Amino acid sequence: MPPEDESPENSGQARIHLVRHGRVSEQWRGRVYGQLDVELSEAGREEARRAATALREVELASVVSSGLERAEFGAACLRETRKLPRRDETALAEINRGEWAGLLPEEIEQRWPGGWRDWWLAPDARRPPGGESLDDLSKRVVPLVQSLADEYCGSEVAIVAHSWVIRVCVTHALGLSVAASTRLELPPASIVVLDWSSSRSAGLARPTVAGFCADRAPERRDGWFRGPRR
């Protein structure tokens with residue numbers, strides 16, 4: 001058992017379960033869809049159900065999604081056996097691809113020669129026409145997750161969101177440039193678990209990565225009680 005003063009309620013952290021949505025329908029595979037509200041494939045729905053099953057024993061205080069259909073399906077699976085209201089946070093939407101949305105990479109290269117290649121060379125700073133860079137994405141996502149950690153300090157929360165959203169949360173936790181997000185492999189419906197300190201905690205620390213691409217929820221003792229003394 002953890003010491004009395006290190007109970008979850010007094011840990012100064014929230015445990016955040018970041019769940020990527022399942023695979024999208026075949027017509028969108030390989031396309032850049034960003035914030036377009038594309039649907040899941042049947043395989044993607046099954047992946048979302050499996051992710052919900054992996055978290056079935058977790059006592060969640062809230063289930064939050066971006067509100068886009070592919071994320072909301074997974075959130076609904078998590079809420080199915082819990083008496084929790086639907087909660088959408090638009091700040092968790094996938095990176096805005098602007099005028100690139102809906103196109104294949106080769107179509108982007110045809111219309112904006114070198115644009116797709118240049119984005120990958122400097123994704124933290126480069127923006128597609130009318131879209132976002134990874135730095136832009138991080139600046140809207142990280143404060144929102146921080147607000148959830150403050151709201152649910154001492155509890156566990158599931159966020160069903162998108163690949164780049166989860167990646168920038170992980171690079172924030174690891175103290176890496178958001179450009180390092182491109183080096184993280186995050187399969188559909190995978191789960192990343194972060195222990196995220198409340199902004200009210202003394203000596204606010206970066207989040208701790210408690211699980212990456214996990215197929216089960218880590219035990220609370222796996223990282224939950226690690227704080228300034230670790």
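The values are calculated or read from the model by the stated rules, or taken from the named source; none is laboratory data. Since this is a predicted model, take the numbers as computed values, not measurements. Cβ: placed from backbone, ideal geometry, glycine included. Neighbour counts: every protein chain shown.
Condition check: within 16 Å of the chain's Cα centre (by Cα) and among the aliphatic types (A, V, I, L, M). Does LEU68 satisfy that?
Against the criterion (within 16 Å of the chain's Cα centre (by Cα) and among the aliphatic types (A, V, I, L, M)), LEU68 qualifies.
Mind checking whether some residue in the stretch 145-162 is in contact with a Gly (Cβ under 7 Å, 6 or more places away or on another chain) and farther than 30 Å from GLY102 by Cβ?
Within the stretch 145-162, one or more residues are in contact with a Gly (Cβ under 7 Å, 6 or more places away or on another chain) and farther than 30 Å from GLY102 by Cβ.
Could you look through the stretch 56-85, keep only residues that are in contact with a Ser or Thr (Cβ under 8 Å, 6 or more places away or on another chain) and without any contact (Cβ under 8 Å) to a residue 40 or more places away in the chain, and pick out the one that is farthest from CYS153 (Cα to Cα)?
Looking at residues that are in contact with a Ser or Thr (Cβ under 8 Å, 6 or more places away or on another chain) and without any contact (Cβ under 8 Å) to a residue 40 or more places away in the chain, I get GLY67.
Within the group ASP222, ASP136, which residue is modelled with pLDDT under 95, surrounded by fewer than 20 Cβ atoms within 10 Å (Cβ to Cβ) and of a type in the set (D, E, K, R)?
ASP222
Is there any pair linking a residue in the stretch 154-179 that is hydroxyl-bearing (Ser, Thr, Tyr) to one that is in a strand (DSSP E or B), with Cβ under 9 Å and at least six apart or on different chains, and which?
SER155/ALA14; SER155/ARG15; SER155/LEU60; SER155/ALA61; SER155/SER62; SER163/ARG20
Of a type outside the set (S, T, N, Q) and under 11 Å from the mean Cα position of the chain (by Cα): is that true of VAL168 in this structure?
yes
For the stretch 175-189, what are the residues that are over 21 Å from ARG86 (Cα atoms) and touching a strand residue (DSSP E or B) at 6+ places or on another chain (Cβ under 7 Å)?
Those that are over 21 Å from ARG86 (Cα atoms) and touching a strand residue (DSSP E or B) at 6+ places or on another chain (Cβ under 7 Å): LEU186, PRO187, PRO188.
Looking at the stretch 97-114, which of its residues are closer than 23 Å to GLY74 by Cβ and either surrounded by fewer than 20 Cβ atoms within 10 Å (Cβ to Cβ) or free of Cβ contacts under 8 Å to residues at least 60 places away in the same chain (or both)?
ALA101, GLY102
Only residues in the stretch 132-150 that are more than 14 Å from HIS162 (Cα to Cα) count as the first member; pair them with residues that are among the β-branched types (Val, Ile, Thr) and part of a helix (DSSP H, G or I), Cβ under 8 angstrom, at least 6 apart or cross-chain, and list the lot.
Once the first residue is more than 14 Å from HIS162 (Cα to Cα) and sits in the stretch 132-150, its partners that are among the β-branched types (Val, Ile, Thr) and part of a helix (DSSP H, G or I) give ASP135/VAL178.
So, in the stretch 167-190, how many residues would count as being part of a helix (DSSP H, G or I), aliphatic (A, V, I, L, M) and within 22 Å of ARG97 (Cα to Cα)?
Final tally of qualifying residues: 5.
Search the stretch 30-55 for residues being among the β-branched types (Val, Ile, Thr) and crowded, with 17+ Cβ neighbours inside 10 Å, and hand back the single one that is farthest from GLY102 (Cα to Cα).
The selected residue is VAL38.
Residue under question is ARG117, and the condition is that it be of a type in the set (D, E, K, R) and touching a residue at least 12 places away in the same chain (Cβ under 8 Å); does it hold?
The answer is no for ARG117.
So, VAL58, is that one more than 20 Å from CYS169 (Cβ to Cβ), hydrophobic (A, V, I, L, M, F, W, C), surrounded by fewer than 23 Cβ atoms within 10 Å (Cβ to Cβ) and more than 16 Å from the chain's Cα centre (by Cα) or not?
So VAL58 does not fit the description; no.
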